[in-house]
1. When the residues of region 577-591 are narrowed to those that are over 28 Å from residue 506 (Cβ atoms) and in a strand (DSSP E or B), which ends up farthest from the chain's Cα centre (by Cα)?
2. Pick from region 552-576 the residues that are over 19 Å from residue 85 (Cα atoms) and touching a residue at least 40 places away in the same chain (Cβ under 8 Å): which of them is farthest from the chain's Cα centre (by Cα)?
3. Does region 533-543 contain at least one residue that is in a strand (DSSP E or B), at positive phi and without any contact (Cβ under 8 Å) to a residue 60 or more places away in the chain?
4. Could you tell me which of the residues 221, 200 is modelled with pLDDT of 95 or more, assigned to a loop (DSSP other than H, G, I, E, B) and either out of contact with any strand residue (DSSP E or B) (no Cβ under 9 Å at 6 or more places or on another chain) or surrounded by fewer than 22 Cβ atoms within 10 Å (Cβ to Cβ) (or both)?
5. Looking at (1) farther than 21 Å from residue 523 by Cα; (2) buried (at least 24 other Cβ atoms within 10 Å of the Cβ); (3) touching a residue at least 40 places away in the same chain (Cβ under 8 Å); (4) touching a helix residue (DSSP H, G or I) at 6+ places or on another chain (Cβ under 8 Å), which is the one condition that is false for residue 81?
6. With respect to residue 9, is the statement that it is modelled with pLDDT under 90, surrounded by fewer than 23 Cβ atoms within 10 Å (Cβ to Cβ), part of a helix (DSSP H, G or I) and out of contact with any strand residue (DSSP E or B) (no Cβ under 7 Å at 6 or more places or on another chain) true?
7. Scan region 512-528 and give yes if some residue there is in contact (Cβ under 8 Å) with a residue 40 or more places away in the chain and either over 28 Å from residue 616 (Cβ atoms) or not in a strand (DSSP E or B) (or both), otherwise no.
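The values are calculated or read from the model by the stated rules, or taken from the named source; none is laboratory data. The model shown is predicted, which means the values in this text are computed figures rather than measured ones. Note that each Cβ is placed from the backbone with ideal geometry, even for glycine, and that neighbours are counted across all protein chains shown.
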């Protein structure tokens, strides 16, 4: 019998035992409780729900979730994993961590990612470190997601939507300490620790968040070992001063690092060093006469130093492209700032107006023979810089007693410089045809939306949005065009989208329906295996495309204890220029969750059903991935249980992929041959059956 299969069966037995233990009600027949016991042990509080299908039945446009709540599959270890619980989101698998989030088939810079209002951009030219790779969700208080181009307040060009990971400072009326710690353990060596502590008094507050996560290489359902081990750690510290009851000044900083093995490429990430410092000032007046309602100003600095090589985390294996130990070391510096003010009038009219600034510089150094030419002996060469200045305004107000309208307008000026003297063409370096060229792009984005309350708890939303996005670093500087060695002349991508929503939160049945249809002009398509002379190239080019689809999420309360949660997500997109399907689109997916909840314990399960995807365009895609070919459908069943031991302690256990199914997501990178590992399948397979447990202590 395969050893890994034996371990999996043993894990299942242990999991079922834990589920039975967690589900058993408290036995009080043999316990004598006194008033002193109650003083020593806080009372049991009602159990918060485990996240199976993340949704917000109050709003079809925006969703908010608590990242500290446990979820199934196993609680997320990075920012992309927690987004998988939201209908319509997928994650492109590369290994055990650092997957790229995709919403409605749109990835990369089409999806805005903000951390405490800050933009962080990775350095790897092949997306080894997307922004979500630097997020440990449990260290944040909430995740806010706005679908589509329905806001202009949080950056430019986010046609798919905007995700904000946010911390909310606690206001202390007297000196106090509060916080929480989480420990997560699971199969394949999974081991996470989180400590989040706040200390404060009326005039000041401080917060310290420490995180660490690690895992070994996991096994797929057939017991094959997948290169996927990782280890990440971070520390966040913020200090806040209440200058007056209305004014707060905050100084914050973050440091983090880690390493990760990958199953889809010839190199691993051996350093993910991040340094951050930020300063934020907020003014939230309680009783200010007139229309002024508040102000927020912030400036920040982010620096990412990323190292990848082909020998530190794997056995070195010479190849034609890399005959020697090879190291690549990009870094990226991002500086930004934002000033936003809020205004309110007596007739329920609200105005949000502000401006923002973002600049980032990318450098790189690499060696094709680390033995003869160590990487630290080389100097970094700056290859690109970006500058963006934006001004935005959003206006909202009431229409009668049941209606509300929202509108926004954003103007952005972008300046980009190409500082590359040479570019790679196959195995050789060639002069860059756009060396030292500059480009200036003036872009406009905006939206209008109307929401109407049809009856109590029933909301209808109709919105039309337009956004323009400049090509990002990975499209401009890491690809070439069809007729040049440089893609620096790519046109900005423009999205015009209609959004329809219907949500209901009343009675036993709650639901949220979000539909969209869009037209994408000058969509930036990445295409590989394009013949150029005697070699095959990967190019970026503009095309015309369109897509439509949506998400349905519902919850039904069968009784006081039984709850059903379900979701359905679908996207269909077309490349109108080439008269074929648009690549990198997810298949139809449904989720069905069933939970039995008592005040202090719960048991439940999650069934995930994914259809086959036959609409593909092989060797086409985006900066994150390429279509490999058709994929098969699959069904995954997972079980969970939770126990609120008392006011402070909570334990959650789960078994993901209960039947040990071997499967891969359609949106997955192609598997690469790695020395010491079994030959890969077409795609990077997902983990097989695995058991996990999370303990949370609040204080």
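1. 580
2. So the residue we want is 558.
3. no
4. 221
5. Among (1) farther than 21 Å from residue 523 by Cα; (2) buried (at least 24 other Cβ atoms within 10 Å of the Cβ); (3) touching a residue at least 40 places away in the same chain (Cβ under 8 Å); (4) touching a helix residue (DSSP H, G or I) at 6+ places or on another chain (Cβ under 8 Å), the lone unmet condition for residue 81 is (2).
6. Yes.
7. For region 512-528, residues in contact (Cβ under 8 Å) with a residue 40 or more places away in the chain and either over 28 Å from residue 616 (Cβ atoms) or not in a strand (DSSP E or B) (or both): present.
Conditions (1) over 29 Å from residue 314 (Cβ atoms); (2) out of contact with any strand residue (DSSP E or B) (no Cβ under 9 Å at 6 or more places or on another chain); (3) buried (at least 21 other Cβ atoms within 10 Å of the Cβ), marked per residue:
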site: 589; (1), (2), (3): yes, no, yes
site: 611; (1), (2), (3): yes, no, no
site: 623; (1), (2), (3): no, no, yes
site: 637; (1), (2), (3): yes, no, no
site: 647; (1), (2), (3): yes, no, no
site: 655; (1), (2), (3): yes, no, yes
site: 678; (1), (2), (3): no, no, no
site: 690; (1), (2), (3): no, no, yes
site: 698; (1), (2), (3): yes, no, no
